[in-house]
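Any read-out appearing in this document is the output of simple, stated calculations on the displayed coordinates, not a laboratory observation. In this text the structure is predicted, and so the values were computed from the model without any measurement. Neighbour counts run over all protein chains shown; Cβ positions are idealised from the backbone, glycine included.
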Amino acid sequence: MGLVGQVFDALLAIALVWLAWQATRAADLFRAVVSFIVFGLLMAVAWVRLEAPDIALAEAAIGAGATGALLLSALDRLAPRRGRSWARVWRADARTWVLWVPAVMALAGALTAAAWQLPAPGLGAVATGALEQSGVDHAVTAVLLNFRALDTLLEIGVLVLAAVAVWSMGPAPAASAPVMPSPTLPMLGRTLFPVFVLVAAYLLWRGSHAPGGAFPAGAVLGAGGILMLLAGAQPWIRSAEHGPWRAILSAGFAVMLFAAIVGALAGGAFFEYPAAIASHAILVLEVTAGMSIALLLFAVYLRGEPHPAADTDRQRC
Amino acid sequence: MSWTELVGGLLVIAGMPFFILGTLGLLRFPDVYTRLHALSKADNVGLGLVCVGLGIQSGSPAMMLKLLLIWVLMLVASATGAGLIARTALARGIRPWSP
Amino acid sequence: MLIYLALASVLFVIGLHGLFTARNLLRRLLSLNVLTTAVFLLLVVIARKATPLDPVPHAMVLTGIVIAVSTTAVALALVERIALRHSPEPEPSASTRPGEEDA
Amino acid sequence: MTAGDAAVIVLVSLPHAAAIAGFVWPSRAVTVSLISAATLMAAALVAMHAVAGYGAWRHDVGGWEAPLGIGWTIDGVACALLLLTAAVGLAGSIHHAAARVRPSTAAHDPRYFWPLWLFLWGGLNALFVSADLFNIFVTLEFVTVASVGLIALSGRLAQAAAWRYLLATLFGSSVYLLGVALIYGRVAALDLPFLAQALPADLVGMTAASLVTIGLLLKGAVFPLHFWLPSAHARALPPVSAILSGVVVAAAFYLLARAWLGPFRELLTPAAGTALGLLGAGAVLWGGLLALLQRHLKRMIAYSTVSQLGFCMLLFPLAAAGATQLAWTGAMVVLLAHGLSKAACFLAAGVIVRHHRSGRVDALGGCQQGIGLAWFAFALAAASLVGLPPTGGFVGKWWLAQAAINSGAYPWLALLVAGTLLTAAYLWRVLEAAIRTGPPDEARRPAAIAAHREGAPATPSDRGMMIAALGLALGAVAVGAAAPPLAPVLSSAIGVTW
Amino acid sequence: MNQVYPFLAAGLLLNIVVGLVRILRGPTAADRMLAAEMFATSAIVIVLLLAFVTGSFALVDVALIFSLLAALACVTFVSRAWVALEQASDDAASGPPPGDRGDTQ
């Protein structure tokens, strides 16, 4: 794209820097959060420019979906009373210009220079060479679910753990003010949810041979769940023990752990798939990973232990 | 250059002014209700033109379907979004602008 | 690529600055997220510089993004609890500094 | 699959499996946890036995070799830390299970304690065997989230501490990851033993080393980045404090040691070593001083962690001065002995504080009937922390001192002595309060007086908790006896250049 | 025709950059949310154009996800965040005092 490409990149960089600045510095919290959401949006464009479509998909789904929803919902609790932090929080004073700005410029410059010098040999050739035995055609999926599957297992573990930790902090806080009733909202939820499921399934299917796979699929499905919740769907967990939901939430992690151990029992290493069934094993893992990412994002979004009492006002919308 | 590519390209280019108009509206309209027009109308016409143009250009039915889906989803999102925002704004007591 | 490297550095520094100077808990969390994104950006640029394109950093960043969402969720849940505790009224404020009093 | 491999796979996967089981069936969580704790202890012993018998080995996860795949290195140090985790985990499990017997104590939700506890354990095990820089990042995040969950469980007051801990360690992780990214950009590898051969000692290496170090120093709460530790560790439940202070912080130091004596070995110049050593010196003195000034028992123990880890940091200047092997074994023994005795201190302190209904050091005098065992465990652990002869603390510090003498680095020897005296001073304050017979001089608090009058006898629940603490304290003493014969095993570390 | 698309993409990005002013100025939270929604539309078109320029049609999926999730942020905003924000920010707009919020139903 030549010169135009560079102009594009420069504009993107300016916008991103400005948004990051707003996100960390804006006088009001809502502006900060919206800036951060738009920041995520434009980061996805940056990933596209950097030829990382997988990350762009995940960022689009997670950044625009789960993180945005989480932050906006948190604002509901955190919104300051009038006259509090709506005053300007930070003013550039003399100390800033003398101390911070030069230090910051020097640090940023040094980092850029250091990173620019990196030879970046990369493992592309090695990964491509091993791709044939991995059971999938798409290199990123092969890395995630075969070469470095342990990372993915632990990452799902972190999500399970986050859900447990969030739930352990007590019952989910009810929305502090009534939700605006609107007839369009349930309709929107009902209409869109099948599309969410469809798109998630499509992304999952693509994962074995093209950008896509468990991560964006899970995030899209999780976002669909959150939308349903906001649109006033039936609360999903009613009983004190949460019925089978605890089992369902941890199922993905359990299946992956099981696969890893089976690999070891079959005579190989931890997480070693026998070559004959590698592609099937990865397919199963991908589906479970996607499902559990979706469920866990949703569980984490509840911001606390789902509780019968806390659910009552969700039904109202 | 084949004619599909030409027509598609022209449609895409035709979509651009709507985005500029949308941003103009976003910046210049006096209150949130008027600005909603910029969101729900101008940008979606622009998006529609781009999607149709690119669909024609690609020539593959699957791609056309996907682009169509994108457009429809955006229409749904912005229609309901605009409705919800207007409704809530009114309930919150933000008065519509009057000259 | 240079521009993206510079972008990563500047974002890192903005995140750093926000983390150290912001008082509001949510703002600090946002700063931390910006910081993490900067690191991801560096990894992806490194992947892009390599020939052929290196899938390993892409996988690392994907893992990192999911982890970042998890930690953000935990942090938000904590912030909410802290904000609730520090405000006597039903509408909580995050602008008080809970860190101050337990020194 | 050899017995050693099987043991390691059990060590990594069983805690996670048990955590899930505990989450899904909360009513069985205690049973599941205690059984798996015992199994994990056995597995750690098997792994240690395998390393002692056949030497260290490597396990390529997924069967993919170094630059592409993730490797596990199972060597003497890793096994020693696995064993430490198992000991603290087992004792902590018993302590918490016993604490639940008495209904009057705040029954912390068993539905969440046990899963988080076991996840933390599993994350630590995965961390100790991992040889891959990015995998280590993931395990560090895993450990962080589990720790934060456990701290926040301990009540409202702990949540602010948990928040600060979370922010500090997440920041540490990001900085660490930045360093890892630079290393990856330089040589396209993440495996520690592989990097030990490949990473050149140039500017990029230096930047990466300092970033990784800063990140880990934050996680390890090494002076001056220790600000988050005291309140987080002092406010958690006793077993949580024990594992955080004894193992989680040690994990950061363990990684630091592996990184600096592995990939960054060329960068460990006397200057770099001295800089790290000075941080250690600051930690020893500042942490010790603040421990001396604390009024609350648990805060004092928490500051003591900051101080004691400073001793381990002496590894770097001494290794840079040439006494690598001796300094390494010394620092590792200090780390192990500290882990066991600090955990014992926190577990004992849990009983003591509960018994006295006050955490103030000056309110602890007088009534000891019933909880003498807890005080005994505390005293034993204190002996090891100070470094009295037969204990592990003594052996470790002795080796460090020898390394200092051999390499002619006498200032570090002076620091060792000064730090030891300081440790003795603050621990003596507590023990002195305990052996006072009369009512406390300063027992202004009605609760303390009431507790004194009652002299509440120990319950079975107390006894279980005290036995857990005593077991760990005895372990810290036993390290002193076991360390000399095990020294060669401890210095078997894959990827470390002597 | 593909040679023109980079220019169009850059133009749209410029459009976004200019539109950022609305996020800065507000004045109500709704205005900011509205601006964010509009950026989603523009970003979709940018990604689509880039997909056709580079020929990597996987990027169309990114646009698809954007369009799918565009509704989510808006709905979260309306049903969760705004409720608590209204006192603080809406009085900047021309409107009656915040106590005057009537329930529509």
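What the table below lists for this structure:
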quantity: Crossing angle, helix D:3-24 versus chain D [Cα axis fit, 0-90 degrees, rounded to tens]; calculated: 50
quantity: Local electrostatic count at D:Leu192 - Lys and Arg +1, Asp and Glu -1, tallied over other residues with Cβ under 10 Å; calculated: -1
quantity: Within 10 Å of each Cβ in A:194-200, the average number of Cβ atoms from other chains; calculated: 3
quantity: Relative packing of A:107-117, D:8-18, which averages over residues the other C-beta atoms within 10 Å, highest first; calculated: D:8-18, A:107-117
quantity: Euclidean distance of C-alpha centroids, segment A:107-153 and segment E:7-77, integer Å; calculated: 29
quantity: Taking the C-alpha atoms of the protein assembly as shown, convex hull volume expressed per residue in Å³; calculated: 156
quantity: Cross-link partners of D:Lys342 among lysines (Cα-Cα below 20 Å; sequence separation of 8 or more within a chain); calculated: D:Lys219, D:Lys298, D:Lys397
quantity: Selection from D:Gly392, A:Val34, C:Ala22 lying farthest towards where the dipole of the protein assembly as shown points positive, charges on Cβ; calculated: C:Ala22
quantity: Sum of side-chain charges, D:Leu421 neighbourhood, beta-carbon under 15 Å (Lys, Arg +1; Asp, Glu -1); calculated: +2
quantity: Taking N as its residue count, the alpha carbon Rg of chain D over 2.2 N^0.38 Å; calculated: 0.92
quantity: Peptide B:44-55 - average C-beta neighbours from other chains (10 Å radius); calculated: 3
quantity: Whole-number D in µm² s⁻¹ for segment D:360-418, Kirkwood Cα-pair radius fed into Stokes-Einstein, 25 °C, 0.890 mPa s; calculated: 182
quantity: Eligible lysines near B:Lys66 by straight Cα distance, threshold 25 Å, same-chain separation 8 or greater; calculated: B:Lys41
quantity: Convex hull volume per residue in cubic angstrom - Cα atoms of segment D:160-227; calculated: 81
quantity: Per-residue [θ]222 nm for chain D (sum of -39500 (n - 2.57) over DSSP H runs n ≥ 4, rounded to 500); calculated: -24500 deg cm²/dmol
quantity: Candidates B:Leu47, B:Leu73, B:Leu26: whichever shows maximal mean-square fluctuation once chain B is modelled as a Gaussian network with Cα springs under 10 Å; calculated: B:Leu73
quantity: Neighbouring partner chain Cβ atoms per residue of A:139-145, average, 10 Å criterion; calculated: 6
quantity: Amide H contacts of D:Ala236 (H built 1.01 Å from N, under 5 Å, at least 5 apart or other chain); calculated: none
quantity: Peptide ranges A:144-154, D:323-333 listed from the most packed, as the mean C-beta count within 10 angstrom indicates; calculated: A:144-154, D:323-333
quantity: Residue order, fewest to most beta carbons within 10 Å, for D:Phe316, E:Phe66; calculated: D:Phe316, E:Phe66
quantity: Burial order of peptide ranges B:4-11, D:116-123, D:375-382 (average beta-carbon count within 10 Å, highest first); calculated: D:116-123, D:375-382, B:4-11
